[in-house]
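The structure is given below, and queries will be raised subsequently.
FYI, it's all coordinate maths here, none of it is from the lab. Just so you know, these numbers come straight off a predicted model, no measurement behind them. Cβ placement follows ideal geometry from the backbone for every residue including glycine, while neighbour counts extend to all protein chains displayed.
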Amino acid sequence: MLYFDFQVIIMTSLRGTSLFNNSTNLTLSYESDSKANETIINIHVPEEIFLVLCLFALVENVLVVVAILKNRNLHSSMYYFLCCLAMSDMLVSISHLSESTYMLLGNHGLIKIDVMTDNIFDMMICCSVVSSLSFLAAIAVDRYITIFYALRYHNIMTHRRVFIIIGVIWVASTICSVLFIIYSRKEEVILCLIAFFVFMLVLMVALYIHMFALARRHSRSITTLRMETTRRVVVPHSRVHMKGAITLSILLGIFFVCWGPFFLQLTLIISCPRHVLCVNYFKYFNFYIILIICNSVIDPIIYAFRSQELRKTLRDILIQCCIALCAQFNSIGRFF
C-alpha cells in the first residue's frame, strides 16, 4: 500500500524545508514487500525569483485593499469579496516571502530551521487556497443573485449577511488549514483538497454558464424591441451586471490556469506516483509554485483593468504616495 508522507510531499513542498533548498529533492516512500524509495530531483528556481514575485504581489494587493476601503463607491458586496480575495493573495505572498527569507537565512546558518515554523507557513498557504476558492465562489453566487434576483438583491445581500459570510469563510479556512497540517500524513487530506477544488470549480462554471446563457437570450430579446425607453433602461443595467460576471469569469480562468498544475500534481501523487510520465511531471513543481504566486500578481491587474472606479482610486493613491515620498526626500535633503 502506498504511504504518503503528506508533510514532506505536499505541505513542506509549499516552499518548505525539504523541497525548496538549492538541492531540491522529492522523495516518495512506499510500503510493500520490497520497500523502495524513489527520489525525484526538482528543477531548481533561484530563491530571488520567488522573493521578487512575492514582494511585487504583496504591494499590488495591499494597494487594492486600501483602494476598496478608501473609496465609498466600492463599498458593495462584490468589492468586499474582491477585497477578501486580495487579502487571500496577500496571504500567499506573505507566506512565500516569509518562508523564502527564512530559508535563505537558514541556508546561511543565521537561524535554525524548525518544523513548527514551517508548519505555520504551510498553514497560511492552505488557508489562502481554501479562502481564495471560497471567495471566488461567493462572488459567483453574488453575481448570480444580481442577475436573476435583481429586484430582491439588496434585501438578500445585506451588509450584515455579507460580513457574516466573510467571517464564516475566514474561520472555516483557518480551521481547515489547521486540520490539514495536523492530519497531513493521511491520504484522505489530499483527496479532500482535490474534492474541494473540483466541487468549487464545477459550482462556479455551472453558475457562469447559466448567467451567460441568460445574457445571450436577453440580448436576443433586446434586438427585437423597438422602444427607446427599454433600450435606455434595460440594456445598460444588464451590461453593468454582465461586466461584473465577465470580470469574475476571467479571475476564475486565471485561478484555474495558475493553481491547476499544482492540483494536478496532487492527483498524480495519488493515482500514479511511480509512472514515468508522472515522475517527470513532478520535476517541475517549483514552476507550479511560481504560477501560484503569479496568480497573486495577475489578479490586481485584472481588478484595475476591468473597474474604472478602482483604477481611478489606485491612481490617486499612487499619486499621493509619490507626493509624500518627494516631500520626505526634500526634508531629508534640507537636513543634510
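For segment 267-318, give me each residue that is more than 13 Å from the chain's Cα centre (by Cα), small (Gly, Ala, Ser), assigned to a helix (DSSP H, G or I) and buried (at least 16 other Cβ atoms within 10 Å of the Cβ).
Within segment 267-318, just Ala304 meets the criteria.
Name the residue, out of Phe148, Phe135, Phe121, that is surrounded by 21 or more Cβ atoms within 10 Å (Cβ to Cβ) and over 20 Å from Leu69 (Cα atoms).
Phe121 is the lone residue from the list that is surrounded by 21 or more Cβ atoms within 10 Å (Cβ to Cβ) and over 20 Å from Leu69 (Cα atoms).
Let me ask something additional. Give the residues of segment 120-159 that are assigned to a helix (DSSP H, G or I), free of Cβ contacts under 8 Å to residues at least 40 places away in the same chain and within 18 Å of Ala213 (Cβ to Cβ), sorted by residue number.
Ile145 - this is the single residue of segment 120-159 that is assigned to a helix (DSSP H, G or I), free of Cβ contacts under 8 Å to residues at least 40 places away in the same chain and within 18 Å of Ala213 (Cβ to Cβ).
Moving to a separate point now. Does segment 171-186 include one or more residues that are free of Cβ contacts under 8 Å to residues at least 12 places away in the same chain and farther than 22 Å from Leu91 by Cβ?
Among the residues of segment 171-186, not one is free of Cβ contacts under 8 Å to residues at least 12 places away in the same chain and farther than 22 Å from Leu91 by Cβ, which makes the answer no.
A further question follows. How many residues does segment 85-101 contain that are closer than 19 Å to Thr313 by Cα and surrounded by 23 or more Cβ atoms within 10 Å (Cβ to Cβ)?
2
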